[in-house]
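Taking it in order: structure first as structure tokens, then the write-up.
The values are calculated or read from the model by the stated rules, or taken from the named source; none is laboratory data. Just so it is clear, the model here is predicted, and its values are computed rather than measured. Cβ atoms come from the backbone with ideal geometry, glycine included; neighbour counts cover every protein chain shown. The area values use the complete protein model at the heavy-atom level, side chains included, leaving out ligands, DNA and RNA. Shrake-Rupley method; radii C 1.70, N 1.55, O 1.52, S 1.80 Å.
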Number of protein chains: 2
Amino acid sequence: MSIRNPKQALYEQFAIVAKAFGHPLRLEMIEHLAQGARSVEALAAKLGQPVANISQHLQALRRAGIVSAERDGKFVHYSLADASVLSAVAAVRGLAERQLAEVDRIVRGYFDARDDMRPVTRDELQTLMRDGLVTLIDVRPPDEFALGHVPGAINVPLGEIKTWSADAAPDREVVAYCRGPWCVMSFEAVAALRSLGYSARRLEDGLPEWKAAGLPVEMAA
Amino acid sequence: MSIRNPKQALYEQFAIVAKAFGHPLRLEMIEHLAQGARSVEALAAKLGQPVANISQHLQALRRAGIVSAERDGKFVHYSLADASVLSAVAAVRGLAERQLAEVDRIVRGYFDARDDMRPVTRDELQTLMRDGLVTLIDVRPPDEFALGHVPGAINVPLGEIKTWSADAAPDREVVAYCRGPWCVMSFEAVAALRSLGYSARRLEDGLPEWKAAGLPVEMAA
DNA sequence: CTGTCATTCAATTATTCTATTGAATGACGA
DNA sequence: TCGTCATTCAATAGAATAATTGAATGACAG
């Protein structure tokens, strides 16, 4: 198909970008890169995929201008190229949530069972934190926590929930968050805490959305 | 690939939606559907494509929840399912415009040559129209104009620019708009008017964006 | 210069997507 | 009921994409 007119040429470019979003693994990669820059190997480890596979998907994302690469010694660190990557993903996600019955089914079948209370919004959380009413836990792995987290949050990776809760005040509400709106770890954390008798809720979405909303982020531990 | 966890199942759904955006023809179909509902045959005629091909692409879009179908006698009218379809396209377009060198090249090679002045923003246009300083022309075909246009606009399809301009006031500035930000017809109209000695500019984007901004739309002719 | 390690490339196979063709469906009017 | 017309389905061939494997690159340490 030869390029007959410039509009078609432009739409071919736009299609390259949209197509790059059109693979579940690449969407998951974007969720991880939204936490901060990652090397190919680190991403591959997080996703449990062969390095070469991740490398190829990263290059598809780079050709589409979704991620950018920066060489640092023998590592190449990839990160999101543009803040609007997250808004593009959010637009697609919103469309899917509103229009696809299958999404509704998945959400109802799995998530609702674990999160029958409505999630805490960012505004609510800020009020609750200011008044000192809740304990905020970040259930992501320590390396992601170290690269940035909500101020005042405590890092409690999913595997340590039980240990941690033994020492926590039993009558204080816990709010958990993780990588994004559909990150399963915060759902699991809330379910675990509730089964241990705690009052727990989920933040409506994750750190990248918090950052994108212009709210402050705390570094290091 | 079996569904191991609900997050992957969700990402597969999101990928279906994103993938549906990932074809130049489907993006062009979305641009047309943004003007108003269309039958399969009408869309096929506008795009110069076989009906069966358009029908199949429409069903891909429908499976992705991007368009919805409504039967009316023997016709099936398709339209955009959700206002956020346009914002998803806009996010992808913005990303491509900012990140892909190829887009820059196409725009510079073709559009800049025909539009060396900055386009008129919607706000500017409203001021200019209120003060009666410009003539606004809608260069889309009459059927699209009839389904809704910017109040005060005159319908001057591309082929009639020359005839129309003969009767137009020669010292009055003309603003042209069409289907969207990269619709070539408004670029062509501005180029034609300038070559005829008129002062002409383009509106920054088209009718769907005007409507999406909550501004009034006039119906019929 | 050589070995090591992160990343990329190249080649293969399996899968999915695209365009095209002609036949099937479903609604309308005679 | 029958023919017509808009749309969809089904089947095909050709093209693009995905995952896997092993080899090649490029940077660092000794």
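Annotations
- Average partner coverage of A:78-87, which counts Cβ from other chains inside 10 Å: 3
- Inter-chain Cβ neighbour count for B:204-216, averaged per residue, equals 0 (cutoff 10 Å, partner chain atoms only).
- Per residue, the Cα convex hull of the protein assembly as shown amounts to 182 Å³.
- The peptide list B:34-45, A:41-52, A:22-33, put in order of mean Cβ contacts within 10 Å with the highest first, becomes A:22-33, B:34-45, A:41-52.
- In nanometres and ascending order, the distances from the residue B:52 label point to those of the other copies are 3.9 (point 7 Å from Cα along Cα→Cβ).
- Take each peptide in B:171-180, B:66-75, count the other Cβ atoms within 10 Å of every residue, and average; sorted highest first, the result is B:171-180, B:66-75.
- Remark: C-alpha extents of segment A:1-143 on the principal axes read 61, 43, 29 Å, sorted largest to smallest.
- For segment A:71-166, the calculated P(r) over all alpha carbon pairs, in 10 Å bins from 0 to the bin holding the longest distance, is 11, 24, 40, 21, 4 percent.
- In summary, the aspartates and glutamates within cross-link reach of residue B:46, defined as a Cα separation below 14 angstrom excluding same-chain residues under 8 places away, comprise B:28, B:31, B:143, B:144.
- Around the amide H of residue B:180, modelled in the peptide plane, lie the amide H atoms of B:206, B:207, all under 5 Å away and 5 or more residues distant in sequence or on another chain.
- In this structure, the pairs whose alpha-carbon distance is over 30 Å, taken from A:19/A:211; A:7/A:74; A:19/B:211, are A:7/A:74.
- Buried area at the B:A interface is about 4400 square angstrom, summed over both chains, from accessible surfaces computed with a 1.4 angstrom probe.
- Distances between equivalent label points of residue A:72 across the copies, with each point positioned 7 Å along Cα→Cβ, amount to 5.8 nm, shortest listed first.
- Per residue, segment B:1-101 exposes 44 Å² of solvent-accessible protein surface, assessed with a 1.4 angstrom probe and all protein chains in place.
- Hz values of 3J(HN,Hα) by residue in segment A:154-163 - Karplus curve (6.51, -1.76, 1.60), Gly and Pro given as x: 9, 7, 10, x, 3, x, 9, 4, 5, 4
- Shape call, segment A:7-74: gyration tensor on alpha carbons, a/c limit 1.5: prolate
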